[in-house]
Amino acid sequence: MNKHVINAMVILFFAIGNMGFAQVKKSPVAPNYKLLEKIINDAYEQYKDDKTGEVADYIPELAKVDSELFGICVITVDGKVFSVGNVEASFSIQSISKVFTLAMVMEEMGQKAILEKLGAEPTGLPFNSVTAIEQQATRVGNPLVNAGAIATTSLLKGESESQKWKDILAYYSACAGSELFIIQDVYESEAATNGRNQAIARLLDAYGVMYDDPEDAVDLYTRQCSVGITTEQLAAMGATLAADGTNPFTGKKIINPDNIPQILSVMLSCGMYDYSGTWSYLTGLPSKSGVGGGIVSIVPGKGAIAAFSPRVDAAGNSVRAQKAIAYISEQLEVNIFDPQSVGVK
Ligand code: DON
(Lines give C-alpha, C1' and ligand atoms only; values in the text may rest on other atoms or scores of the structure.)
Protein backbone atom coordinates (compact mmCIF):
# COMPACT_ATOMS: atom_id res chain seq x y z
CA MET A 1 0.00 0.00 0.00
CA ASN A 2 1.46 3.37 -0.85
CA LYS A 3 2.04 6.13 1.74
CA HIS A 4 -0.84 8.33 0.47
CA VAL A 5 -3.38 5.55 0.76
CA ILE A 6 -2.26 4.80 4.34
CA ASN A 7 -2.46 8.52 5.24
CA ALA A 8 -5.95 8.75 3.76
CA MET A 9 -7.04 5.71 5.75
CA VAL A 10 -5.68 7.16 9.00
CA ILE A 11 -7.50 10.46 8.38
CA LEU A 12 -10.72 8.60 7.54
CA PHE A 13 -10.39 6.48 10.68
CA PHE A 14 -10.12 9.56 12.91
CA ALA A 15 -12.86 11.38 11.06
CA ILE A 16 -15.25 8.46 11.58
CA GLY A 17 -14.14 8.18 15.21
CA ASN A 18 -14.82 11.87 15.76
CA MET A 19 -18.19 11.63 14.07
CA GLY A 20 -19.13 8.85 16.45
CA PHE A 21 -17.93 10.93 19.38
CA ALA A 22 -19.87 13.94 18.13
CA GLN A 23 -23.03 11.85 17.82
CA VAL A 24 -22.74 10.62 21.38
CA LYS A 25 -21.73 13.93 22.93
CA LYS A 26 -23.48 16.55 20.89
CA SER A 27 -27.01 17.56 21.70
CA PRO A 28 -28.87 19.77 19.25
CA VAL A 29 -30.70 21.45 22.11
CA ALA A 30 -27.79 21.74 24.55
CA PRO A 31 -24.81 22.23 22.26
CA ASN A 32 -22.63 23.84 24.88
CA TYR A 33 -22.32 21.46 27.83
CA LYS A 34 -19.74 23.49 29.69
CA LEU A 35 -21.83 26.66 29.48
CA LEU A 36 -24.98 24.90 30.71
CA GLU A 37 -23.07 23.34 33.58
CA LYS A 38 -21.62 26.72 34.49
CA ILE A 39 -25.01 28.42 34.42
CA ILE A 40 -26.68 25.93 36.77
CA ASN A 41 -23.65 25.88 39.07
CA ASP A 42 -23.68 29.70 39.17
CA ALA A 43 -27.39 29.66 40.00
CA TYR A 44 -26.74 27.21 42.84
CA GLU A 45 -23.84 29.24 44.25
CA GLN A 46 -25.73 32.53 44.01
CA TYR A 47 -28.81 31.36 45.91
CA LYS A 48 -27.64 28.53 48.15
CA ASP A 49 -27.39 30.79 51.22
CA ASP A 50 -30.71 32.56 50.60
CA LYS A 51 -32.95 31.92 53.62
CA THR A 52 -35.97 33.90 52.42
CA GLY A 53 -39.42 32.32 52.86
CA GLU A 54 -40.84 29.71 55.20
CA VAL A 55 -41.38 25.98 54.88
CA ALA A 56 -45.13 25.38 54.42
CA ASP A 57 -46.55 24.06 57.67
CA TYR A 58 -50.31 23.99 57.03
CA ILE A 59 -49.69 20.35 56.15
CA PRO A 60 -47.87 19.34 59.38
CA GLU A 61 -45.61 16.74 57.73
CA LEU A 62 -44.18 19.36 55.33
CA ALA A 63 -42.83 21.36 58.29
CA LYS A 64 -40.47 18.44 59.06
CA VAL A 65 -38.63 18.72 55.74
CA ASP A 66 -35.00 19.91 55.88
CA SER A 67 -35.31 23.54 54.79
CA GLU A 68 -31.68 23.64 53.61
CA LEU A 69 -32.22 21.20 50.74
CA PHE A 70 -31.63 22.79 47.36
CA GLY A 71 -31.39 21.08 43.99
CA ILE A 72 -31.44 22.20 40.37
CA CYS A 73 -31.77 19.98 37.30
CA VAL A 74 -32.06 20.66 33.59
CA ILE A 75 -33.07 17.81 31.27
CA THR A 76 -33.16 18.27 27.52
CA VAL A 77 -35.64 16.64 25.14
CA ASP A 78 -32.83 14.34 23.99
CA GLY A 79 -32.25 13.13 27.54
CA LYS A 80 -29.13 15.04 28.60
CA VAL A 81 -29.12 15.68 32.37
CA PHE A 82 -27.44 18.62 34.13
CA SER A 83 -27.71 18.54 37.93
CA VAL A 84 -26.42 20.38 40.96
CA GLY A 85 -27.22 20.12 44.68
CA ASN A 86 -29.68 17.79 46.40
CA VAL A 87 -31.27 16.52 43.20
CA GLU A 88 -31.85 13.06 44.65
CA ALA A 89 -33.75 14.19 47.75
CA SER A 90 -37.38 13.13 47.59
CA PHE A 91 -40.16 15.64 48.29
CA SER A 92 -43.92 15.70 47.73
CA ILE A 93 -45.03 16.79 44.28
CA GLN A 94 -48.05 18.69 45.69
CA SER A 95 -49.66 21.06 43.19
CA ILE A 96 -47.35 20.09 40.34
CA SER A 97 -49.43 16.89 40.19
CA LYS A 98 -52.35 18.99 38.92
CA VAL A 99 -50.70 19.37 35.51
CA PHE A 100 -50.37 15.63 34.96
CA THR A 101 -53.87 14.72 36.11
CA LEU A 102 -55.09 17.45 33.77
CA ALA A 103 -53.17 15.73 30.95
CA MET A 104 -54.88 12.42 31.81
CA VAL A 105 -58.38 13.90 31.89
CA MET A 106 -57.79 15.96 28.74
CA GLU A 107 -56.84 12.75 26.97
CA GLU A 108 -60.09 11.12 28.12
CA MET A 109 -62.47 14.04 27.56
CA GLY A 110 -60.89 16.31 24.98
CA GLN A 111 -59.90 19.96 25.09
CA LYS A 112 -63.39 21.38 24.57
CA ALA A 113 -64.88 19.61 27.58
CA ILE A 114 -61.97 20.77 29.75
CA LEU A 115 -62.61 24.38 28.78
CA GLU A 116 -66.35 24.08 29.40
CA LYS A 117 -66.22 22.13 32.64
CA LEU A 118 -63.06 23.51 34.24
CA GLY A 119 -62.10 26.72 32.45
CA ALA A 120 -58.70 28.27 31.86
CA GLU A 121 -59.02 31.60 33.69
CA PRO A 122 -56.46 32.62 36.30
CA THR A 123 -58.28 33.44 39.53
CA GLY A 124 -55.81 36.08 40.75
CA LEU A 125 -56.48 34.65 44.21
CA PRO A 126 -54.66 32.16 46.47
CA PHE A 127 -54.63 28.52 45.34
CA ASN A 128 -57.15 27.43 47.99
CA SER A 129 -59.51 30.39 47.66
CA VAL A 130 -63.21 29.87 48.30
CA THR A 131 -63.97 33.43 47.16
CA ALA A 132 -62.71 32.44 43.69
CA ILE A 133 -65.39 29.75 43.49
CA GLU A 134 -68.06 32.37 44.08
CA GLN A 135 -66.58 34.70 41.46
CA GLN A 136 -65.62 32.44 38.55
CA ALA A 137 -68.05 31.56 35.76
CA THR A 138 -67.04 27.89 35.80
CA ARG A 139 -66.80 28.03 39.64
CA VAL A 140 -63.58 26.00 39.51
CA GLY A 141 -61.64 28.66 37.57
CA ASN A 142 -58.88 26.56 36.11
CA PRO A 143 -57.40 23.07 36.65
CA LEU A 144 -54.36 24.32 38.58
CA VAL A 145 -55.99 25.83 41.67
CA ASN A 146 -57.28 23.47 44.36
CA ALA A 147 -60.95 23.76 43.34
CA GLY A 148 -60.14 23.11 39.69
CA ALA A 149 -57.74 20.29 40.49
CA ILE A 150 -60.22 18.50 42.75
CA ALA A 151 -62.85 18.85 39.99
CA THR A 152 -60.30 17.54 37.46
CA THR A 153 -59.58 14.52 39.62
CA SER A 154 -63.33 13.92 40.00
CA LEU A 155 -63.57 13.66 36.19
CA LEU A 156 -61.07 10.79 35.94
CA LYS A 157 -62.59 7.65 34.48
CA GLY A 158 -62.01 4.30 36.21
CA GLU A 159 -63.99 1.42 37.62
CA SER A 160 -63.02 2.15 41.24
CA GLU A 161 -61.16 4.73 43.30
CA SER A 162 -58.30 2.30 43.81
CA GLN A 163 -58.03 1.70 40.06
CA LYS A 164 -57.98 5.48 39.43
CA TRP A 165 -55.20 5.86 41.99
CA LYS A 166 -53.17 3.11 40.30
CA ASP A 167 -53.71 4.85 36.96
CA ILE A 168 -52.52 8.19 38.35
CA LEU A 169 -49.36 6.70 39.84
CA ALA A 170 -48.62 4.76 36.64
CA TYR A 171 -49.13 7.86 34.49
CA TYR A 172 -46.91 10.08 36.65
CA SER A 173 -44.26 7.34 36.69
CA ALA A 174 -44.39 7.04 32.90
CA CYS A 175 -43.93 10.81 32.60
CA ALA A 176 -40.93 10.62 34.96
CA GLY A 177 -39.53 7.52 33.25
CA SER A 178 -39.05 5.88 36.65
CA GLU A 179 -41.34 4.39 39.27
CA LEU A 180 -42.85 6.86 41.72
CA PHE A 181 -44.35 6.13 45.14
CA ILE A 182 -46.62 7.89 47.59
CA ILE A 183 -45.01 9.44 50.69
CA GLN A 184 -47.39 7.82 53.16
CA ASP A 185 -46.62 10.21 56.04
CA VAL A 186 -47.40 13.24 53.87
CA TYR A 187 -50.64 11.65 52.66
CA GLU A 188 -51.82 10.83 56.19
CA SER A 189 -50.83 14.26 57.47
CA GLU A 190 -52.67 16.07 54.68
CA ALA A 191 -55.69 13.75 54.86
CA ALA A 192 -56.03 14.57 58.55
CA THR A 193 -55.89 18.34 58.01
CA ASN A 194 -57.55 18.99 54.65
CA GLY A 195 -60.88 20.33 55.92
CA ARG A 196 -60.59 23.31 53.59
CA ASN A 197 -60.27 21.11 50.48
CA GLN A 198 -63.22 19.05 51.69
CA ALA A 199 -65.26 22.25 52.05
CA ILE A 200 -64.20 23.31 48.54
CA ALA A 201 -65.33 19.95 47.13
CA ARG A 202 -68.71 20.19 48.88
CA LEU A 203 -69.22 23.73 47.61
CA LEU A 204 -68.41 22.61 44.06
CA ASP A 205 -70.84 19.74 44.51
CA ALA A 206 -73.54 22.22 45.55
CA TYR A 207 -72.85 24.15 42.34
CA GLY A 208 -73.10 20.92 40.29
CA VAL A 209 -69.47 20.93 39.18
CA MET A 210 -68.19 17.91 41.12
CA TYR A 211 -68.26 14.74 39.03
CA ASP A 212 -67.57 12.08 41.66
CA ASP A 213 -68.30 11.70 45.34
CA PRO A 214 -66.65 14.82 46.89
CA GLU A 215 -64.94 12.81 49.64
CA ASP A 216 -63.51 10.31 47.15
CA ALA A 217 -62.32 13.09 44.86
CA VAL A 218 -60.54 14.88 47.72
CA ASP A 219 -58.95 11.63 48.86
CA LEU A 220 -57.63 10.89 45.38
CA TYR A 221 -56.43 14.48 45.01
CA THR A 222 -54.65 14.26 48.40
CA ARG A 223 -52.93 11.05 47.32
CA GLN A 224 -51.75 12.57 44.05
CA CYS A 225 -50.31 15.57 45.93
CA SER A 226 -48.39 13.19 48.23
CA VAL A 227 -46.44 11.46 45.46
CA GLY A 228 -42.70 11.66 46.15
CA ILE A 229 -40.35 12.93 43.46
CA THR A 230 -36.74 14.04 43.23
CA THR A 231 -35.66 17.18 41.38
CA GLU A 232 -34.31 14.95 38.60
CA GLN A 233 -37.62 13.10 38.31
CA LEU A 234 -39.46 16.43 38.24
CA ALA A 235 -37.20 17.68 35.44
CA ALA A 236 -37.86 14.43 33.56
CA MET A 237 -41.63 14.94 33.89
CA GLY A 238 -41.16 18.46 32.56
CA ALA A 239 -38.95 17.24 29.72
CA THR A 240 -41.76 14.88 28.69
CA LEU A 241 -44.01 17.92 28.26
CA ALA A 242 -41.22 19.74 26.41
CA ALA A 243 -40.68 16.75 24.11
CA ASP A 244 -44.27 16.77 22.83
CA GLY A 245 -45.37 14.16 25.34
CA THR A 246 -42.59 11.60 24.83
CA ASN A 247 -40.36 10.69 27.75
CA PRO A 248 -36.76 11.43 26.70
CA PHE A 249 -35.34 8.34 28.47
CA THR A 250 -37.85 5.62 27.69
CA GLY A 251 -38.89 7.01 24.31
CA LYS A 252 -42.51 6.21 25.20
CA LYS A 253 -45.25 8.60 24.13
CA ILE A 254 -47.20 9.38 27.29
CA ILE A 255 -49.03 12.68 26.75
CA ASN A 256 -51.06 13.31 23.62
CA PRO A 257 -49.03 15.88 21.60
CA ASP A 258 -52.29 17.53 20.45
CA ASN A 259 -52.94 18.56 24.06
CA ILE A 260 -49.51 19.95 24.92
CA PRO A 261 -50.22 23.55 23.77
CA GLN A 262 -53.35 23.71 25.93
CA ILE A 263 -51.59 22.24 28.96
CA LEU A 264 -48.67 24.64 28.61
CA SER A 265 -51.03 27.56 28.12
CA VAL A 266 -52.78 26.84 31.42
CA MET A 267 -49.39 26.47 33.11
CA LEU A 268 -48.32 29.85 31.80
CA SER A 269 -51.44 31.70 32.93
CA CYS A 270 -52.19 29.80 36.16
CA GLY A 271 -49.20 27.64 37.17
CA MET A 272 -47.69 29.99 39.73
CA TYR A 273 -51.02 30.96 41.33
CA ASP A 274 -51.58 34.65 42.01
CA TYR A 275 -47.99 35.31 40.93
CA SER A 276 -48.48 33.76 37.46
CA GLY A 277 -48.62 37.09 35.60
CA THR A 278 -45.44 38.40 37.14
CA TRP A 279 -43.66 35.07 36.66
CA SER A 280 -44.64 35.01 33.00
CA TYR A 281 -43.43 38.60 32.63
CA LEU A 282 -40.09 37.67 34.17
CA THR A 283 -39.39 34.33 32.49
CA GLY A 284 -41.88 33.75 29.67
CA LEU A 285 -41.99 30.06 30.58
CA PRO A 286 -44.96 27.77 31.33
CA SER A 287 -44.28 26.61 34.86
CA LYS A 288 -45.82 24.84 37.83
CA SER A 289 -45.02 25.09 41.49
CA GLY A 290 -45.91 22.94 44.49
CA VAL A 291 -46.04 23.92 48.11
CA GLY A 292 -43.54 21.08 48.78
CA GLY A 293 -40.88 23.36 47.25
CA GLY A 294 -40.64 22.11 43.67
CA ILE A 295 -41.02 24.19 40.51
CA VAL A 296 -40.72 23.01 36.94
CA SER A 297 -40.49 25.28 33.89
CA ILE A 298 -40.96 24.04 30.35
CA VAL A 299 -38.96 25.20 27.35
CA PRO A 300 -41.06 23.70 24.52
CA GLY A 301 -39.04 21.59 22.12
CA LYS A 302 -35.89 22.03 24.19
CA GLY A 303 -36.21 20.75 27.74
CA ALA A 304 -37.23 21.49 31.31
CA ILE A 305 -35.67 23.34 34.21
CA ALA A 306 -36.60 22.02 37.65
CA ALA A 307 -35.58 23.28 41.05
CA PHE A 308 -36.42 22.30 44.61
CA SER A 309 -36.05 24.23 47.83
CA PRO A 310 -38.62 23.92 50.65
CA ARG A 311 -38.90 27.56 51.75
CA VAL A 312 -41.91 29.15 49.99
CA ASP A 313 -43.27 32.68 49.69
CA ALA A 314 -46.78 33.97 50.46
CA ALA A 315 -48.15 32.65 47.16
CA GLY A 316 -46.82 29.15 47.93
CA ASN A 317 -43.95 29.25 45.42
CA SER A 318 -40.44 28.14 46.43
CA VAL A 319 -38.20 31.18 46.79
CA ARG A 320 -34.84 29.71 45.79
CA ALA A 321 -36.38 27.57 43.05
CA GLN A 322 -37.93 30.69 41.50
CA LYS A 323 -34.66 32.61 41.68
CA ALA A 324 -32.63 29.74 40.24
CA ILE A 325 -35.03 29.12 37.35
CA ALA A 326 -35.37 32.84 36.55
CA TYR A 327 -31.58 33.15 36.44
CA ILE A 328 -31.05 30.04 34.30
CA SER A 329 -33.80 30.92 31.83
CA GLU A 330 -32.43 34.44 31.43
CA GLN A 331 -28.91 33.16 30.84
CA LEU A 332 -30.11 30.58 28.33
CA GLU A 333 -32.39 33.14 26.63
CA VAL A 334 -35.30 30.72 26.47
CA ASN A 335 -38.23 33.09 27.05
CA ILE A 336 -40.82 31.67 24.63
CA PHE A 337 -41.94 35.17 23.66
CA ASP A 338 -38.47 36.15 22.53
CA PRO A 339 -38.56 35.87 18.73
CA GLN A 340 -34.97 34.57 18.93
CA SER A 341 -36.11 31.52 20.90
CA VAL A 342 -38.40 30.49 18.03
CA GLY A 343 -35.75 31.16 15.42
CA VAL A 344 -36.99 34.44 13.90
CA LYS A 345 -33.82 36.45 14.44
O1 DON B 1 -54.21 21.01 48.45
C2 DON B 1 -53.22 21.54 48.93
O3 DON B 1 -53.30 22.53 49.63
C4 DON B 1 -51.88 20.92 48.66
N5 DON B 1 -52.00 19.50 48.54
C6 DON B 1 -51.28 21.45 47.40
C7 DON B 1 -51.11 22.94 47.40
C8 DON B 1 -49.96 23.45 46.63
O9 DON B 1 -49.02 22.76 46.32
C10 DON B 1 -49.99 24.86 46.33
N11 DON B 1 -48.71 25.23 45.83
N12 DON B 1 -48.01 26.03 45.64
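The values are calculated or read from the model by the stated rules, or taken from the named source; none is laboratory data. Quick caveat, the model's predicted, so the values are computed rather than measured. Cβ placement follows ideal geometry from the backbone for every residue including glycine, while neighbour counts extend to all protein chains displayed. Note: areas computed on protein heavy atoms with side chains; ligands, DNA, RNA excluded. Shrake-Rupley method; radii C 1.70, N 1.55, O 1.52, S 1.80 Å.
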Accessible surface of Arg202 - all protein chains present, 1.4 Å probe, nearest 10 Å²
130
With every protein chain in place, the chain: carbon and sulfur % of accessible area (1.4 Å)
55
Under 13 Å from the Cα of Lys51 - aspartates and glutamates, other chains or at least 8 residues apart:
Asp66, Glu68, Asp313
I'd like the Karplus ³J(HN,Hα) series for region 49-55: coefficients 6.51, -1.76, 1.60, θ = phi - 60°, whole numbers in Hz, and an x wherever there's a Gly or Pro.
9, 6, 9, 5, x, 10, 5
Quotient of Cα radius of gyration and Kirkwood radius for region 66-152, i.e. Rg/Rh, equals 1.10
Projected onto the charge dipole of region 18-169 (unit charges on the beta-carbon of Lys, Arg, Asp and Glu, signs +1, +1, -1, -1), the Cα from Pro60, Ile133, Ser27 with the largest positive-side position is that of Ser27
Averaging sequence separations of C-alpha pairs under 8 Å and six or more residues apart, then dividing by the length of region 176-320, give the relative contact order as a whole percent.
20
Sorted from largest down, give the three principal axis spans of the alpha carbons of the chain, whole angstrom values.
90, 43, 40
Dividing the helical contributions, -39500 (n - 2.57) per DSSP H run of n ≥ 4, by the residues of the chain yields a 222 nm value, nearest 500 deg cm²/dmol, of -15000 deg cm²/dmol
Greater than 20 Å separation of Cα atoms is the criterion. Which listed pairs, Lys80/Lys252; Lys157/Lys288; Lys166/Lys302; Lys48/Lys80; Lys98/Lys164; Lys98/Lys157, meet it?
Lys157/Lys288; Lys166/Lys302; Lys48/Lys80
Each label sits 7 Å from Cα toward the beta-carbon; between Gln135 and Thr52 the label points are separated, in nm, by 2.5
Can you give the longest stretch of the chain with no exposed loop site, where a site means GluC sites (Glu not before Pro) in a DSSP loop (not H, G, I, E or B) with at most 11 other C-beta atoms within 10 Å?
1-158
When only Cα pairs under 8 Å and 6 or more residues apart are kept, what is the percent relative contact order across the chain?
24
Förster-model FRET efficiency, 41 Å R0, Lys34 and Ala314, C-beta, rounded to 0.05
0.60
Over all directions, region 109-264 yields a Cα convex hull whose mean projected area in nm² is 9.1
Label-point gap, in nm, between Thr193 and Glu116 - each point 7 angstrom along Cα→Cβ
4.0
Hey, rough spin-label estimate for Ala206 and Glu333, points 7 angstrom out along Cα→Cβ, what's it come to in nanometres?
5.4
For the chain, what are the DSSP H helices with axial Cα length of 27 Å or more and mean Kyte-Doolittle hydropathy of at least -0.5?
3-25
Averaged per residue, the 1.4 Å probe accessible area of the chain, protein heavy atoms only, in Å², is roughly 44
Between the alpha-carbon centers of region 44-89 and region 95-158, tell me the distance in whole angstrom.
27
